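**Q** What follows is a single structure, and I will ask about it in a moment.
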Amino acid sequence: MKSVLPEPGLRAALLRRKPVADLVADADHGRLKRSLGLGQLTMLSIGATLGSGIFVVLGEAVPVAGPAVVLSFVLAGVTALFSALSYAELAGMIPLSGSSYSYAYATLGEIVAWICGWCLVLEYGVSVASVAVGWGQYLNELLHLAFGVAIPDALSQPPGEGGLVNVPAILVVVLAMVLLLSGAKESARANAIMVTVKIATLVMFCAIAFTAVQAKKFTPFLPLGLAGMSAGGAKLFFSYIGFDAASTAGEEARNPQRDLPRAILLSLAIVTVLYCLVAFAAVGALPWQQFGDQQAALSHVLTSVLDNKFWAGVLAVGAIVAISSVVLTVLYGQTRILYAMSRDGLVPKALSTVHPKTGVPRTNTLVVSGFVAVLAAFIPLGKLADATSIGTLFAFGLVNIAVLILRKRRPGDARSFRVPFSPVTPILGVLCCAYMMFSLDGATWVVFGAWMALGLVLYFAYGIRRSRLAVRS
């Protein structure tokens, strides 16, 4: 059989790049409304990051790492920092909704951009589903503490974990969708309130848990060795997913060149400090052997160290608000990435249609919300979290490579932020991402490989011929 395109044509199509000038022009003439300032952008990234790991995945990481889970957070945070610096440089240089997908399009070619975008679908869309599952766990914790009842497993757990469908997970996705449809500015206001509540909740947890911290609970500090600490870091990297959310708001920021780099780095700093404090308080207050893969881990800590269940109930309320914020902001990021891919012709045009009144890609939001709700209802949390981490690490690695390429190809372009100690820092970012990826188990790689294969099938069946660059040529 003949190939779809002549061999030289196929090679050229796969490697065609979108000029940086064209990307910036798309942002300048976009149909999204520029309404977000530095505070809202920072809250957007904190909202997308803070909650998923510390409220949900911490309980899975402690049995793997022991008290060294504190260092696991540091390891994951350092890995995220290298990539955050690269994101900050590129976000200020190319302030587009497409985030790392757009950066890859300008540097590595269309096929790599597609793969990156497909990884971002995994990162954003699937992580929303994952934290929505955790939302249901904390809702059940609150109902149990307040009223002594719980939603039946059949309606609060996915298949494979004793249930039929996770109704609470569907509910939180639908609520986030309604907020997003009202407009970016309105969503940002709601998110700012929720972020304030969850920071206050974590500070409250630390204040209470620190009263029960004992030095002996940190001995031995590495009961499962460095391998356990690394495995914990790989799991907890999931908790840093979202710091790049501000980069997906490039076309809705009032001053993107100045504010996007600041928002990305400021949000990562705030989140890392909170994570380490909470992890230290948790394993210092409760022996690590007693965590037992708890998904509502922080409530479990407070219930164990206090006779009064009131504070555990307050924490459960804070966790519900916190995870609601994650669902809202990460769902936002997913819709904006698909918006950019649709505008480039790689996915259907309907996904970049913007409602004239609200300035929201309405069809896009409805489609993404429906997809996420189905995943949240029927897929177990652990499998989602690990698959999300590997997709995210791959995309972050590409961002570091993009910085190296643009520094060489376009050294004179204006940059509102520059990665310090380049090229060492981006190279370390690539190596850290690779190390964390290979710390994940084989089953996660199988899922990732299958996801990539599906993405390539869709690209060759649709995107390669409908790309705007293909139409121009």
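All of the numbers you see were taken from the coordinates with simple rules; none came from a lab. Everything numeric in this text was worked out from a predicted model, so none of it was measured. When we count neighbours, we look across all protein chains shown, and the Cβ atoms used for this are built from the backbone with ideal geometry, even at glycine.
**Q** Treating the beta-carbon of each Lys and Arg as +1 and of each Asp and Glu as -1, no other charges, what is the dipole magnitude of the chain about its Cα centre, to the nearest 20 debye? Numbers along the way, then the final one.
**A** Numbers: 34 positive and 22 negative charges, 333 e Å.
Rounded to the nearest 20 debye, it is 1600 debye.
**Q** Here are some pairs, 18/349; 235/309; 33/198; 18/357; 185/357; which of them have Cα atoms lying more than 22 Å apart in this structure?
**A** Values: 18/349 18 Å; 235/309 29 Å; 33/198 28 Å; 18/357 30 Å; 185/357 13 Å.
Too far apart for the 22 Å limit: 235/309; 33/198; 18/357.
**Q** For the range 108-248, give the magnitude of the charge dipole about the Cα centre (Cβ charges: +1 Lys/Arg, -1 Asp/Glu; no others), in debye to the nearest 20. The partial results should precede the final answer.
**A** Working: 6 positive and 7 negative charges, 99 e Å.
I would put it at about 480 debye.
**Q** Could you state the number of Å between the C-alpha centres of the range 246-271 and the range 401-473?
**A** Value for the Cα centre distance between the two parts: 20 Å.
**Q** In nm, to one decimal, how far is the residue 210 label point from the residue 165 one, both placed 7 Å along Cα→Cβ?
**A** With each label placed 7 Å out from Cα toward Cβ, I get 4.6 nm.
**Q** Please list 3J(HN,Hα) in residue order for the range 418-424, calculated via the Karplus relation 6.51 cos²θ - 1.76 cosθ + 1.60 where θ = phi - 60°; whole Hz, with x for glycine and proline.
**A** Once rounded to whole Hz, the list reads 10, 4, x, 6, 6, x, 4.
**Q** Mind giving me the nanometre distance, one decimal, between the label points for residue 405 and residue 186, set 7 Å out from Cα along Cα→Cβ?
**A** My value for the distance between the label points is 3.9 nm.
**Q** Could you calculate the contour length gain from residue 414 to residue 349, that is, 0.36 nm times the residue separation minus the distance between their Cα atoms, to one decimal place in nm?
**A** Working: separation 65, 0.36 × 65 = 23.40 nm, distance 3.17 nm.
Contour length minus the Cα-Cα distance gives 20.2 nm.
**Q** Per DSSP H run of at least 4 residues, take -39500 (n - 2.57); add these up for the chain, divide by its residues and hand me the 222 nm value, nearest 500 deg cm²/dmol. Spell out each step's value before the answer.
**A** Working: 20 runs with 316 residues, N = 473.
Helices in the chain give a 222 nm mean residue ellipticity of -22000 deg cm²/dmol.
**Q** What is the magnitude of the charge dipole of the range 280-357 about its Cα centre, with +1 placed on the Cβ of each Lys and Arg, -1 on the Cβ of each Asp and Glu, and no other charges, expressed in debye to the nearest 20? It would help to have the intermediate numbers written out before the result.
**A** Working: 5 positive and 3 negative charges, 99 e Å.
In debye, rounded to 20, the range 280-357 gives about 480.
**Q** So, in nm, how far is label residue 427 from label residue 35 when the simple model puts each one 7 Å beyond its Cα toward the Cβ?
**A** Computed distance between label sites residue 427 and residue 35 equals 4.6 nm.
**Q** Going 7 Å from the Cα of residue 466 toward and past its Cβ, which residues in the range 121-139 have a backbone nitrogen under 20 Å from where you end up?
**A** 121-122, 125
**Q** Using packing as a proxy for protection, rank 330-338, 445-453, 355-363, 309-317 so that the peptide with the highest average count of other Cβ atoms within 10 Å comes first. Can you show the working numbers first?
**A** Values: 330-338: 27.9, 445-453: 14.6, 355-363: 16.4, 309-317: 20.1.
Packing order, densest peptide first, comes out as 330-338, 309-317, 355-363, 445-453.
**Q** If you average 1/r over every pair of different alpha-carbon atoms in the range 7-472 and take one over that average, what Kirkwood value in Å do you get?
**A** Values: mean 1/r = 0.0455 Å⁻¹.
Kirkwood radius, the range 7-472: 22.0 Å.
**Q** Quick one: Cα centre-to-centre distance for the range 337-378 and the range 81-148, in angstrom?
**A** Each part reduced to its Cα centre gives a spacing of 15 Å.
**Q** Now for a different question. If R₀ is 41 angstrom, what is the calculated FRET efficiency for the pair residue 222 and residue 366, using the beta carbon separation as r and rounding to 0.05? List each step's numbers first, then the result.
**A** Working: r = 48 Å, r/R0 = 1.17.
About 0.30, to the nearest 0.05.
**Q** Order of 14-20, 82-88 by packing, highest average Cβ count within 10 Å first?
**A** On the way: 14-20: 16.9, 82-88: 28.3.
In descending order of packing, they fall as 82-88, 14-20.
**Q** Kindly put 365, 425 in sequence by how many other C-beta atoms sit within 10 Å of each C-beta, fewest to most.
**A** Details: 365 24, 425 19.
The most exposed by this proxy come first: 425, 365.
**Q** Continuing with the same structure: Would you mind putting 197-207, 98-108 in packing order, based on average other-beta-carbon counts within 10 Å, highest first?
**A** On the way: 197-207: 18.3, 98-108: 28.5.
Per-residue mean Cβ counts within 10 Å order the peptides as 98-108, 197-207.
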